[in-house]
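Starting off with a structure, shown below.
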Amino acid sequence: MQPARRLYRRESEESRRTALILATQELVAEGGPEAATVRAIAERAGVTPGLIRHYFQSKDELSRAAYRALMDGMTAKGADAIEGVGAGPEERLAAFIAASLRPPVLDAGAVVLWAGYMHKVRSDPDLMAVHEASYLAYRDTLQQLIETLPRVVKPGQTRVEAIACNALIDGLWVEGSLLPGTFGPGEVITIGLSSISAILGLNLLDHTAMLPDFGKTTP
């Protein structure tokens, strides 16, 4: 019975840690980083303020963990999408891009939360490090997918392409999340795939047959 008790305790601690991160994210999204006080986080998570110290050394550490969870979660959604399609490099890239431009990644709350952290990034070196690591993780994944495409490229070309594609996805993510009524069904994904196709010199729209619900939502 002893191993079972240890498993239950580990799961309980992970659940509480997740609850604290979610509470922090909600408060930052509602009122900015200043709204995420220790007392407010504890109240939102249903724990005592002192318990936060058990999981995080400081409120700043918890704040950075909440931001990391947001950013890494969006990259993970793209990685999960790759697993659900075939082995073709164009299809895998299309799946990764589409997952970045549809719910749950395409979400107004996520953009508001992201924006809430932006003004602190320049003044908090540790938060900047989290931001940089998350950005590079997504961009590197994008670059790796681009490098598998059947093309002849020049040295350094795929890095530049990944930077350009990442910037395009970021812009569509912000506008598609905040102004969903401005776009038709599937239009954000279609624009993203078409524009990135132009950057890379191919047609990713020819490789969308296996993308979840793509045919149902694209005009």
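Using r as the Cβ-Cβ distance of residue 157 and residue 179, and R0 as 45 Å, what FRET efficiency do you calculate, to the nearest 0.05?
Working: r = 33 Å, r/R0 = 0.73.
Plugging the Cβ-Cβ distance into 1/(1 + (r/R0)^6) gives 0.85.
OK, next. How much of residue 196 can a 1.4 Å solvent probe reach, expressed as accessible area in Å² and rounded to 10?
0 Å²
Largest first, how would 128, 74 line up by accessible area (1.4 Å probe)? Before the final figure, lay out each step's value.
Working: 128 75, 74 30 Å².
If we order 128, 74 from most to least accessible, we get 128, 74.
Along the range 78-85, what does the Karplus equation 6.51 cos²θ - 1.76 cosθ + 1.60 (θ = phi - 60°) give for ³J(HN,Hα), rounded to whole Hz, x for Gly and Pro?
Computed from phi, the couplings for the range 78-85 are x, 5, 5, 5, 4, 5, x, 10 Hz.
Once both labels are modelled 7 Å past Cα along the beta-carbon direction, what's the residue 198-residue 108 spacing in nm?
Calculated label separation equals 2.9 nm.
Among 114, 173, what's the order by accessible area (1.4 angstrom probe), most exposed first? Intermediate values should be presented prior to the final figure.
Details: 114 65, 173 15 Å².
So the residues, ranked largest to smallest area, are 114, 173.
Next question, about the same structure. Between 73, 86, 201, where does the largest GNM mean-square fluctuation fall for the chain, given springs only between Cα atoms within less than 10 Å?
201
Moving on to the next point. Rank 140, 124, 107 by mean-square fluctuation in a GNM of the chain with C-alpha springs under 10 angstrom and give only the top-ranked residue.
Comparing 140, 124, 107 in the GNM, the peak value goes to 124.
Dipole size in debye (nearest 20) for the chain around its Cα centre, Lys and Arg Cβ +1, Asp and Glu Cβ -1? Before the final figure, lay out the partial values.
Numbers: 22 positive and 26 negative charges, 139 e Å.
Using only the charged Cβ atoms, the result is roughly 660 debye.
Would you kindly state how much longer the chain becomes between residue 144 and residue 79 on full extension, computed as 0.36 nm times their sequence separation minus their alpha carbon distance, in nm to one decimal? Don't jump to the answer; show the numbers that get you there.
Details: separation 65, 0.36 × 65 = 23.40 nm, distance 1.18 nm.
Roughly 22.2 nm would be gained on extension.
Another question, then. How big is the accessible area of residue 163 in square angstrom, nearest 10, if you roll a 1.4 angstrom probe over the protein chains?
Surface open to solvent at residue 163 totals about 60 Å².
Let me check against my output: what whole-number percent is the relative contact order of the range 67-207, with C-alpha pairs under 8 Å and at least 6 apart?
On the way: 127 pairs, mean separation 44.6, N = 141.
It comes to 32 percent, rounded to a whole number.
Debye calculation, C-alpha points only, no solvent: report log10 I(q)/I(0) for the range 10-56 at q = 0.14 Å⁻¹, in the same order as the q values.
-0.28
Relative to the Cα centre, what is the charge dipole magnitude of the range 10-56, using +1 at the beta carbon of each Lys and Arg, -1 at the beta carbon of each Asp and Glu, and rounding to the nearest 20 debye?
Values: 6 positive and 7 negative charges, 37 e Å.
Dipole magnitude for the range 10-56 comes out near 180 debye.
Continuing with this model, one more query. Just checking my list (1) 48, 21, 13; (2) 25, 22, 19; (3) 35, 20, 18 against semi-axes √(5λ) of the Cα gyration tensor in Å computed from this structure; which label fits?
(3)
Report relative contact order for the range 16-115 in percent, whole number only (criteria: Cα-Cα under 8 Å, sequence separation at least 6).
Values: 83 pairs, mean separation 28.1, N = 100.
Here the relative contact order equals 28 percent.
Right, something else. For residue 205 and residue 22, FRET efficiency with R0 = 30 Å and r from the beta-carbon atoms, rounded to 0.05? Let's see the in-between values first.
On the way: r = 36 Å, r/R0 = 1.21.
Calculated transfer efficiency: 0.25.
Now for a different question. Can you run phi through the Karplus equation (6.51, -1.76, 1.60; θ = phi - 60°) for the range 136-142 and list ³J(HN,Hα) in whole Hz, with x for Gly and Pro?
Karplus-based 3J(HN,Hα) across the range 136-142 equals 5, 4, 5, 5, 5, 4, 4 Hz.
In terms of solvent-accessible area of protein heavy atoms at a 1.4 angstrom probe, what is the ranking of 67, 138, highest value first?
Largest accessible area first, the residues go 138, 67.
Choose one answer from 179, 101, 200: the residue with the largest mean-square fluctuation in a GNM of the chain with alpha-carbon springs under 10 Å.
Of 179, 101, 200, the most mobile in the Gaussian network model is 179.
Find which of 152, 208, 101 sits farthest along the positive direction of the dipole of the chain, computed with +1 on the beta-carbon of Lys and Arg, -1 on that of Asp and Glu, about the Cα centre.
Of 152, 208, 101, it is 101.
Among the trypsin sites (Lys or Arg not before Pro) within the range 128-202, which fall in a DSSP loop and have no more than 16 other Cβ atoms within 10 Å of their own Cβ? All intermediate terms of the calculation are to be shown ahead of the outcome.
Values: sites: 139, 151, 159; in loops: 151.
For trypsin sites (Lys or Arg not before Pro) across the range 128-202 that sit outside H, G, I, E and B with at most 16 neighbouring Cβ atoms in 10 Å, the list reads 151.
The values are calculated or read from the model by the stated rules, or taken from the named source; none is laboratory data. Being a predicted model, the structure only gives us computed values, none of them experimental. Don't worry about glycine lacking a Cβ; one is built from the backbone with ideal geometry, like all the others, and counts go over all protein chains shown. Surface areas here come from the heavy atoms of the whole protein model, side chains and all, with no ligands, DNA or RNA. Shrake-Rupley method; radii C 1.70, N 1.55, O 1.52, S 1.80 Å.
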